[in-house]
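So the structure is just underneath, and the comments pick up after that.
The values are calculated or read from the model by the stated rules, or taken from the named source; none is laboratory data. Just so we're clear, the structure is a prediction, and the values are computed from it rather than from any experiment. With ideal geometry, Cβ positions are generated from the backbone for all residues, glycine too; neighbour counts draw on all protein chains shown. The protein model used for the area step is the full one, side chains on, heavy atoms only, and it has no ligands, DNA or RNA in it. Shrake-Rupley method; radii C 1.70, N 1.55, O 1.52, S 1.80 Å.
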Amino acid sequence: MQEVPLETHDLTVAYDKRPVLYGVDVQVPEGKLVGIVGPNGAGKSTLIKAIMGIVPTTGGWVKVFGQSFAKNASRVGYVPQRESVDWDFPVNVMDVVLMGRYGRIGLMGRVSKADKEIAAESLDKVGMLPYAKRQISNLSGGQQQRVFLARALAQESDLYLMDEPFVGVDASTEAAIIELLRELKNRGKTILVVHHDLPTAQTYFDMLMLLNMRLVAFGPTEEVFTQELLQKTYGGRLTILSEVANKVREAK
Amino acid sequence: MKLDIGYVLRWWARTSSFAKATADRGAPRGVLAVLMGLAFAASAQGARIGDMQETVFVEQVWRFFTMKDAVVRTALLGSVFLGISCGLLGSFIVVRKLSLFGDTLSHAVLPGVAIGYLVAGQKDPVAIFIGATVAGVLGTVMVNLIKKTTHIKEDSSLGMVLAGFYGIGIVLMNRIQKLPTGTQSGVDKFLFGQAAALSSVEVWMIGGVALAAVVLVLVFYRQFLIGSFDIGFAKAMGLPAGLFHYLLMMLLAFTVVVSLQAVGAVLVSAMLVIPAASAYLLTERMHRMLILASVFGIFSGVLGAFFSFLGNSLPTGPLMVLAASSVFTLCFLFSPRHGLVSRWRKRRSREARIRNENTLKAIYQVRESHGFAGEGVKLTDLAERMNEPAADTRRRLADLVATGVCDLKEIEGKSFAFLNPDGWLKACAVVRNHRLWELYLTNQAEYEPDHVHDDAEVIEHVLGEETVRRLERLLDYPSEDPHGKLIPSLADVQRSLTQVSPGEKATGYRMPNQ
Ligand SMILES: Nc1ncnc2c1ncn2[C@@H]1O[C@H](COP(=O)(O)OP(=O)(O)OP(=O)(O)O)[C@@H](O)[C@H]1O
Ligand SMILES: [Mg+2]
């Protein structure tokens, strides 16, 4: 029987009683590259955080590989939004990537040689190995993003949740990262990516989750990427809407 | 209080045993005479300003460093422990941007101290510890309550709780002072600290907290690290990040509370922040920061206790903070990466380099304007090109000569500059950078040719070799800049350096015959 990497039912989240996400039901199949799109403040980051228990939920439930998140946390990798940390923090690139191993090391264990090798490999995959000893404040935005990606790779997970991994990344790096994600997917991993650019979203992802405080649509890209549904998602924002509508037309 | 070497010398001289020992070993008479003279001068002066005081001063120093005194031992031990826990916890405070929180916490404990005293009826360390902890927790809860229920921002609620609790504390302290036993109470010491007033129980408490801090940070270093850097990620890995956050806050609260007697409520937060901030300037790894901050903490603590002891029980807190601030000042000035002095030196050397590169470029241009005919460049031509008096150009050339890439020769009463191969290579490189960049801006970025010169003046000094290669590739190895001048290519320049064929038509890279 195939496992369901991620399933949510009636997932509801509120910050200080103000709901930002209502009743999200999704069932993400294994081995898919899934894009999460929606306007600013749509609750994309919130959804990801709620899945991992970083923000408390007010209703509904989440199952990761058929069990609670806490039980299967080690099977989930995470790339937070880059702005979520202080890049002047006194650590170097290797320190950060090694953090991806902490979940497996446990509370008291030590960082082993194998952990370091895995971290180095992950860095190599994103082309950042030469920067291993660099202090993180000396990195460009795109490099910081790649370090976060390497950290998630070092987690060696089966399900990845990535919050805007392409922000500040140049086109060639973006292509390389997408290549990397496809390779992960082909090895049976499931990857959810919050993404802001609609035209590329259409080409990158197998499935799309359209989100705006609620789940507008979720399904295979070719079924969901329609003018009507996008309008529903981005509704009320005329400029974006017309721009997107044009792009959609161009794409067809 | 004066720290005069004369005091010390005179004291040595006055101890007869020392004088005798020196004499016995047949020390030169001169030394003895000087010592005697000093002794005489000292006793004469001593008689005037009070012999007692000097003896007391040096004896105090002696007493402090030999640690014969139980009071000194307690104070010293307390300061060392305090330095360690303040350094460790302070490091986390600084990197988590919780300095203001630390400040609020340390002021909020004050009413608890007073109430602890009032309840116990005396200066009972345990009662005061409990009172202070409760008050600290209460203050923290209030900050969070204000933040959660209103839209007042955190810094404001921190400020309010700090001032409010501190005010209550001061009022209560005044009450206690007015009690019949009040003047002997010693509660006033909780404001600015008095290491000498530490009881052994209090030192045990400080030691306990320091030990707990060291052990916990050693064992759970990674948990504290990841919780401070990226708590969301820690939670996402299923680590009990919340638990470790509270553990850290608890350690912080205990550190503040047990440090009160030695540093005082007003300045505890300074002892948390300053050593850690100094360490932050020196290193870029968390574990080194923790070690350095502890060392600075110990140093400041001991120094503060020492001066307080010397100064007949001056308040310890301000002196410790003074010591810590001196350390910080040194780090601020001399830190290899972030220090003011090193930054200034770096800027100076960069400016000097740019100046030299501009001179090289001008030499290239003068030669170019003569079709690269002569090998030397006349100083007056150079001055004209640089649009400056000849005296300035001479200084400029002297600077260049000092870097070893240029010779200045007098020929028939005129000065000529000759670049050696190294200098010529550098000159070509600057010119190439400039012209490549101009070309890039006009060709690829589509600027007008008259818009690009100023920009290139800056860029030419910062383009790295890798970027230059990329630019050359991008522009398909161009030979002319937007103004129609030749661009010396890297390959050409290097070739011209190895094979000098005298007759070859100048593309600008032919070396002067040496
Ligand atoms: N910690 C928080 N406290 C209170 N409100 C929050 C918090 N984080 C997010 N919000 C609010 O929740 C809503 C959803 O935020 P979220 O960050 O999930 O949006 P998003 O879709 O990720 O947006 P973006 O594209 O800007 O990243 C927004 O209205 C935001 O203001
Ligand atoms: Mg977001």
Mind checking which helices (runs of 4 or more DSSP H) fall wholly inside region B:233-316 and carry at least 2 residues that are within 30 Å of A:Leu153 (Cβ to Cβ)?
B:241-263, B:286-310
Checked region A:74-84 for anything open to solvent by 10 Å² or more (accessible area, probe 1.4 Å) and either among the basic types (Lys, Arg) or within 13 Å of ligand 1 (Cβ to nearest atom) (or both); matches are A:Arg75, A:Gln81, A:Arg82, A:Glu83, A:Ser84
Among (1) surrounded by 21 or more Cβ atoms within 10 Å (Cβ to Cβ); (2) within 16 Å of ligand 2 (Cβ to nearest atom) - the single one A:Gly100 does not satisfy
(2)
Within region A:170-194, how many residues are within 16 Å of ligand 1 (Cβ to nearest atom) and either open to solvent by 10 Å² or more (accessible area, probe 1.4 Å) or under 12 Å from A:Leu149 (Cβ atoms) (or both)?
1
Could you list all residues from region B:117-150 that are farther than 29 Å from B:Ser200 by Cα and at pLDDT 90 or above?
B:Thr140, B:Val141, B:Met142, B:Val143, B:Asn144, B:Leu145, B:Ile146
Is it true that some residue in region A:143-151 is within 16 Å of ligand 2 (Cβ to nearest atom), open to solvent by less than 10 Å² (accessible area, probe 1.4 Å) and touching a residue at least 24 places away in the same chain (Cβ under 8 Å)?
yes
Out of region B:120-137, which residues are over 18 Å from B:Val266 (Cα atoms), in a helix (DSSP H, G or I) and in contact (Cβ under 8 Å) with a residue 24 or more places away in the chain?
B:Pro125, B:Val126
Please indicate, with yes or no, whether at least one residue in region A:61-68 is closer than 30 Å to A:Tyr22 by Cβ, open to solvent by less than 20 Å² (accessible area, probe 1.4 Å) and either touching an Asp or Glu at 6+ places or on another chain (Cβ under 6 Å) or within 16 Å of ligand 1 (Cβ to nearest atom) (or both).
yes
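So which residues in region B:442-464 are free of Cβ contacts under 8 Å to residues at least 24 places away in the same chain and either closer than 12 Å to B:Arg432 by Cβ or aromatic (Phe, Trp, Tyr) (or both)? Lay out the reasoning, then the answer.
Keep residues of region B:442-464 that are free of Cβ contacts under 8 Å to residues at least 24 places away in the same chain, which gives B:445-448, B:450-451, B:453-458, B:462, B:464.
Passing the criteria: B:Tyr447, B:Ala456.
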Scope region B:372-404; condition open to solvent by 60 Å² or more (accessible area, probe 1.4 Å), more than 20 Å from B:Glu357 (Cβ to Cβ) and not in a helix (DSSP H, G or I); matching residues
B:Ala373, B:Glu375, B:Lys378, B:Pro389
Do any strands (runs of 3 or more DSSP E) entirely within region A:181-252 hold 2 or more residues that are within 16 Å of ligand 2 (Cβ to nearest atom) and at pLDDT 90 or above, and if so, which?
A:190-194, A:207-211
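For region B:463-479, name all the residues that are open to solvent by 50 Å² or more (accessible area, probe 1.4 Å) and either among the aliphatic types (A, V, I, L, M) or outside any loop (DSSP other than H, G, I, E, B) (or both). Break it down into steps so the answer makes sense when it comes.
Kept after step one, since they are open to solvent by 50 Å² or more (accessible area, probe 1.4 Å), are these residues of region B:463-479: B:465-467, B:469-470, B:473-474, B:476-477, B:479.
Those that are open to solvent by 50 Å² or more (accessible area, probe 1.4 Å) and either among the aliphatic types (A, V, I, L, M) or outside any loop (DSSP other than H, G, I, E, B) (or both): B:Glu465, B:Glu466, B:Thr467, B:Arg469, B:Arg470, B:Arg473, B:Leu474.
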Looking at (1) facing another protein chain (nearest Cβ under 9 Å); (2) part of a loop (DSSP other than H, G, I, E, B), find the lone condition where A:Ser137 falls short.
(2)
If A:Lys71 meets every condition in (1) within 16 Å of ligand 1 (Cβ to nearest atom); (2) closer than 16 Å to A:Asp158 by Cβ apart from one, which number is that one?
(1)
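Tell me whether region B:248-260 contains one or more residues that are closer than 19 Å to B:Gly102 by Cα and surrounded by fewer than 20 Cβ atoms within 10 Å (Cβ to Cβ).
Initially, region B:248-260 is screened for residues closer than 19 Å to B:Gly102 by Cα, giving B:248-260.
Add one more test, that the residue is surrounded by fewer than 20 Cβ atoms within 10 Å (Cβ to Cβ), and what stays is B:249-250.
Looking for residues that are closer than 19 Å to B:Gly102 by Cα and surrounded by fewer than 20 Cβ atoms within 10 Å (Cβ to Cβ), one finds at least one in region B:248-260, hence yes.
For region A:24-50, how many residues meet the condition of being of a type in the set (Lys, Arg) and more than 15 Å from ligand 1 (Cβ to nearest atom)?
First, the residues of region A:24-50 that are of a type in the set (Lys, Arg): A:32, A:44, A:49.
From what's left, more than 15 Å from ligand 1 (Cβ to nearest atom): A:32.
Selection size over region A:24-50: 1.
Name the one entry in B:Leu179, B:Leu145 that is out of contact with any Gly (no Cβ under 7 Å at 6 or more places or on another chain) and within 14 Å of chain A (Cβ to nearest Cβ).
Values: B:Leu179 fails: within 14 Å of chain A (Cβ to nearest Cβ).
Result: B:Leu145 is the single residue among B:Leu179, B:Leu145 that is out of contact with any Gly (no Cβ under 7 Å at 6 or more places or on another chain) and within 14 Å of chain A (Cβ to nearest Cβ).
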The one condition B:His338 fails out of (1) farther than 23 Å from B:Ala417 by Cβ; (2) in a helix (DSSP H, G or I); (3) touching a helix residue (DSSP H, G or I) at 6+ places or on another chain (Cβ under 6 Å) is (2)
Which numbered condition A:Gly53 misses (of (1) over 30 Å from A:Glu222 (Cα atoms); (2) within 13 Å of ligand 1 (Cβ to nearest atom); (3) modelled with pLDDT of 90 or more):
(2)
Check whether at least one residue in region B:145-153 is touching a residue at least 40 places away in the same chain (Cβ under 8 Å) and either at positive phi or under 31 Å from the mean Cα position of the chain (by Cα) (or both), and report yes or no.
no
Go through region B:278-322 and give me each residue that's among the small types (Gly, Ala, Ser) and surrounded by 24 or more Cβ atoms within 10 Å (Cβ to Cβ).
B:Ser278, B:Ala279, B:Ala293, B:Ser294, B:Gly297, B:Ser300, B:Gly301, B:Gly304, B:Ala305, B:Ser308, B:Gly317
Could you list all residues from region B:241-271 that are within 14 Å of chain A (Cβ to nearest Cβ) and without any contact (Cβ under 8 Å) to a residue 12 or more places away in the chain?
B:Gly242, B:Leu243
Of the residues in region B:220-239, how many are within 7 Å of another protein chain (Cβ to nearest Cβ) and open to solvent by 40 Å² or more (accessible area, probe 1.4 Å)?
2
Does A:Arg146 satisfy the criteria of being part of a helix (DSSP H, G or I), at pLDDT 95 or above and away from ligand 1 (no atom under 16 Å from the Cβ)?
no
Counting only residues that are open to solvent by less than 10 Å² (accessible area, probe 1.4 Å), more than 16 Å from ligand 2 (Cβ to nearest atom) and within 14 Å of chain B (Cβ to nearest Cβ), how many does region A:4-48 have?
1
Among residues belonging to region A:107-134 that are part of a loop (DSSP other than H, G, I, E, B) and of a type in the set (Val, Ile, Thr), point out the one that is nearest to A:Pro90 (Cα to Cα).
A:Val111
